[in-house]
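First the structure, which I've put down as structure tokens, then a few questions once you've had a look.
The values are calculated or read from the model by the stated rules, or taken from the named source; none is laboratory data. Computed from a predicted model, the values in this text were never measured in an experiment. For neighbour counting, all protein chains shown are included, and Cβ atoms are generated from backbone atoms with ideal geometry for every residue, glycine included.
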Amino acid sequence: MKYYFNVLDKYTIFTGRTSRKEYWMFIIFNFLISGIAILIDNLIGTTIQTDYGVTLPYGYIYMLYVLAVIIPSIAVSVRRLHDVGKSGWFMLLVLIPVIGSIWFIVFMLSNSNKGDNKYGANPKETYF
């Protein structure tokens, strides 16, 4: 949980690097909290009703949560790309159908560049 809060603390920091563990722990906790928000929406009846009579499985609590974490999610993704030596603009890969998302996930799963790179020090290495 400390990784989740660490990302939220650095919600406006788009420079530097983030370790693979910190990124994926944030993603896992984000997924779990999103599921809880959807569950609460369904329990208290705040799901969204469309004009066609279809009820969406999520509602206003989920939407507020998504709005609250969208900037931290982008920031941690940019820092993770920096960790593998790529520019933050590589996030735009997800706009390419299927292949772009796969390529982006491969970057997120890749190991850190050893030592320092142009984006900063390796977050795995501890300097005394």
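So, in the range 14-42, how many residues would count as being in contact (Cβ under 8 Å) with a residue 12 or more places away in the chain, aromatic (Phe, Trp, Tyr) and either in contact with a strand residue (DSSP E or B) (Cβ under 6 Å, 6 or more places away or on another chain) or in a helix (DSSP H, G or I) (or both)? Give the steps one after another, and end with the answer.
Going residue by residue through the range 14-42, those that are in contact (Cβ under 8 Å) with a residue 12 or more places away in the chain are 14-26, 29-30, 33-34, 37-38, 40-42.
When the remaining residues are screened for being aromatic (Phe, Trp, Tyr), the result is 14, 23-24, 26, 29.
With either in contact with a strand residue (DSSP E or B) (Cβ under 6 Å, 6 or more places away or on another chain) or in a helix (DSSP H, G or I) (or both) added as a condition, the list becomes 23-24, 26, 29.
So the count comes out to 4.
Then there's this: Report, by residue number, each residue of the range 101-120 that is without any contact (Cβ under 8 Å) to a residue 40 or more places away in the chain and surrounded by fewer than 15 Cβ atoms within 10 Å (Cβ to Cβ). Give the derivation first.
Initial filter on the range 101-120 (without any contact (Cβ under 8 Å) to a residue 40 or more places away in the chain): 101-107, 113-116, 118.
Correct list: Ser101, Ile102, Trp103, Ile105, Val106, Lys114, Gly115, Asp116, Lys118.
Next up: Quick test for you: out of Tyr23, Tyr4, Tyr11, pick the one residue that is surrounded by fewer than 17 Cβ atoms within 10 Å (Cβ to Cβ) and within 20 Å of His82 (Cα to Cα).
On the way: Tyr23 fails: surrounded by fewer than 17 Cβ atoms within 10 Å (Cβ to Cβ); Tyr4 fails: surrounded by fewer than 17 Cβ atoms within 10 Å (Cβ to Cβ).
Sole residue among the options that is surrounded by fewer than 17 Cβ atoms within 10 Å (Cβ to Cβ) and within 20 Å of His82 (Cα to Cα): Tyr11.
Still on this model: So, Tyr52, is that one closer than 21 Å to Asn6 by Cα, among the aromatic types (Phe, Trp, Tyr) and either surrounded by fewer than 14 Cβ atoms within 10 Å (Cβ to Cβ) or in contact (Cβ under 8 Å) with a residue 40 or more places away in the chain (or both) or not? Lay out the reasoning, then the answer.
Details: closer than 21 Å to Asn6 by Cα: no; among the aromatic types (Phe, Trp, Tyr): yes; either surrounded by fewer than 14 Cβ atoms within 10 Å (Cβ to Cβ) or in contact (Cβ under 8 Å) with a residue 40 or more places away in the chain (or both): yes.
No; evaluated as a whole, the condition is false for this residue.
Could you tell me which numbered condition Thr18 fails, if it satisfies all but one of (1) modelled with pLDDT under 95; (2) out of contact with any Pro (no Cβ under 7 Å at 6 or more places or on another chain)?
Here Thr18 clears every test but (2).
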